[in-house]
1. Looking at the range 302-322, which of its residues are touching a Phe, Trp or Tyr at 6+ places or on another chain (Cβ under 7 Å) and surrounded by fewer than 22 Cβ atoms within 10 Å (Cβ to Cβ)?
2. Can you report the number of residues in the range 430-473 which are in a helix (DSSP H, G or I), small (G, A, S) and in contact with a Phe, Trp or Tyr (Cβ under 8 Å, 6 or more places away or on another chain)?
3. Could you tell me which residue of the range 65-92 is farthest from E115 (Cα to Cα), considering only residues that are surrounded by 23 or more Cβ atoms within 10 Å (Cβ to Cβ) and in contact with a Pro (Cβ under 9 Å, 6 or more places away or on another chain)?
4. Would you mind stating whether G503 is on the phi > 0 side of the Ramachandran plot and not assigned by TED's automatic domain parsing to the domain that holds V205?
5. Looking at (1) in a loop (DSSP other than H, G, I, E, B); (2) within 23 Å of the chain's Cα centre (by Cα); (3) on the phi < 0 side of the Ramachandran plot, which is the one condition that is false for A515?
6. What is the residue count in the range 496-512 for residues that are of a type outside the set (A, V, I, L, M), outside any strand (DSSP E or B) and farther than 23 Å from A443 by Cα?
7. Of all strands (runs of 3 or more DSSP E) completely enclosed by the range 122-212, which ones contain at least 1 residues that are more than 27 Å from the chain's Cα centre (by Cα)?
Amino acid sequence: MRSGVKVTIVGGVFAVVASGVGYGGWNLWNGLNGGGGGGGGSDTGGVSAQSAPKKTGPPDAEEIERTAREFLAAWASGNALTAAQLTNNAAEAEPMITGYSTKAHVTEAVIEPGEAVGAKVPYTVKATVEHGGVSKPLTYSSSLTVVRGLTTGKALVDWQPSVVHPQLTKGTSLVTSEASAPPIKAVDKDGVELTEEKFPSLKGVLAELRQKYGSKAGGVAGVELAITSSDQGIPDRTLLTLTKGRQGTVKTYIDAGVQAAAEKAVKRYDKASVVAVEPSTGRIRAVANNPAQGFNTAFGGAQAPGSTMKIVTAAMMLDKGLVQGAGSKVECPATVTWEREFHNLKDFDLGTTTFQRAFARSCNTSFIKPVKPLGAEAGTALGETAKKYFGIGEVWETGVKTWDGSVPASSGAETAAAYIGQGRNQMNALTMASIAATVKAGAFRQPVIVPQSLDDRALAPTRHLPAGMAATLRQLMAAAATGEGTGAQAMASVSGVKGAKTGSAEVDGQGDSNAWFTGYAGDLAAAAVVGSGGHGGDSSGDVVARVLNAR
């Protein structure tokens, strides 16, 4: 903006203070003197806004400055109606602006606008929040954008909740009150404290644990300014603590060392998620995402898993007697047709080979052609196997919110695609880590991040794989992790008995495939997905190996 403007709230009474060149001593918002209308004030020196011709095109620099100045001044003056009418969505803007004082309990604030960049005007807010006789300072930066009103032609603030605070979104509010849950001290399996500062990927998880278990952990709630959601399933996000209350301690199954390795590993790639699970117990040892903030893709993502799904396909083939073991002979032609043509990577052809080698080399056609004789049953067999042996389709009560995978019934070419991890199959790093853990242990144990004793929640039942199936799957995954296997290079640094499976999943409109990798070593299994990461043995394999090496 061309000159400095400060709008301030003093002692709960909103007032306007001007500074800098060009504004003198007159009110910044001419509506404060009775001039101007609710549809957007104008300081054009007596020219009626109603008589002016309707403007078109982007707002000019003068309109941007004036609109931003008038909006900020109206907001600071406590006139929520006027401020809201200076936006292009007054119905949504007014209650949020009103709530700044009535719900958030902001009693003093100074807004300092910066230089406009095009139609965007940044500003810094230095505020005081007061509740129950306790006050604390709050400082943050946000911005607004000025646009042309579609119906009025006036320059208006493009209303977004982030205008009031950058972390506000539709359906959320700023509220200062007694916290909805007591604070917690979350600790790992050995009692090491877990904080979002040290482990950024755990921020959302820690908020969920607090919301769900804070009252069970012996704590006492304090007073906080928080972002609350109209969705009761979304935990509050604390912005400012006025009184701390008393912490309760929540023990998790996270391993701080493995978590640290996971956090570091995903940072090597722009979009990456990883989960580590202990096969013998199902306990979640690590979860990490890059970016760390926002949606927890590792637990909540729903994406085609590519050829990592061949672990489940192999189990189905063994269960249905389509193959007898790792040494069974299968065909691996370059292509196979099932209503459409399916290819191997670069159309490689192994001819007649063993089931083990087809798995190790990730031959698509070897996992499609033998299934065709099942006929209509082929459309449901994969999902039945996924649920029967791997718990996919059960409800997983891990202790926090997760999405637990889906292998729906299919038909036609979609069925063939499903057997190589495409089609409508959807997984995430958690479910694929669990699948690898199930193979290693010979039994599905539902993943958990906190003890069941905290809330006596129901867990999906343990499912044991037939001994012969488990042994064969381990043999297949060992072959993929060594020798000519597609995961050999990634797993080369991992010691001990190990197994792996690579995958790449094509996504419509995305140039490079998503890279998948799942594997195990010792009593730890992990799975990772890297967005647009290409071949699973490269990016996602690197993430998994780094996590397994932290065990």
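The values are calculated or read from the model by the stated rules, or taken from the named source; none is laboratory data. Being a predicted model, the structure only gives us computed values, none of them experimental. Neighbour counts are summed over all protein chains in view; Cβ atoms, including those assigned to glycine, are modelled from backbone coordinates with ideal geometry.
1. Residue satisfying the conditions is A302 alone.
2. Residues in the range 430-473 being in a helix (DSSP H, G or I), small (G, A, S) and in contact with a Phe, Trp or Tyr (Cβ under 8 Å, 6 or more places away or on another chain): 3 in total.
3. It comes out as A84.
4. Criteria not met by G503.
5. Among (1) in a loop (DSSP other than H, G, I, E, B); (2) within 23 Å of the chain's Cα centre (by Cα); (3) on the phi < 0 side of the Ramachandran plot, A515 violates only (1).
6. Residues meeting the conditions: 6.
7. In the range 122-212, the matching strands (runs of 3 or more DSSP E) lie at 134-148, 155-157, 172-178.
Matching residues to (1) touching a helix residue (DSSP H, G or I) at 6+ places or on another chain (Cβ under 7 Å); (2) closer than 30 Å to P53 by Cα; (3) hydroxyl-bearing (S, T, Y); (4) surrounded by fewer than 18 Cβ atoms within 10 Å (Cβ to Cβ):
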{"site": "H105", "(1), (2), (3), (4)": "no, no, no, no"}
{"site": "H131", "(1), (2), (3), (4)": "no, no, no, no"}
{"site": "T176", "(1), (2), (3), (4)": "no, no, yes, no"}
{"site": "P182", "(1), (2), (3), (4)": "yes, no, no, no"}
{"site": "L194", "(1), (2), (3), (4)": "yes, no, no, no"}
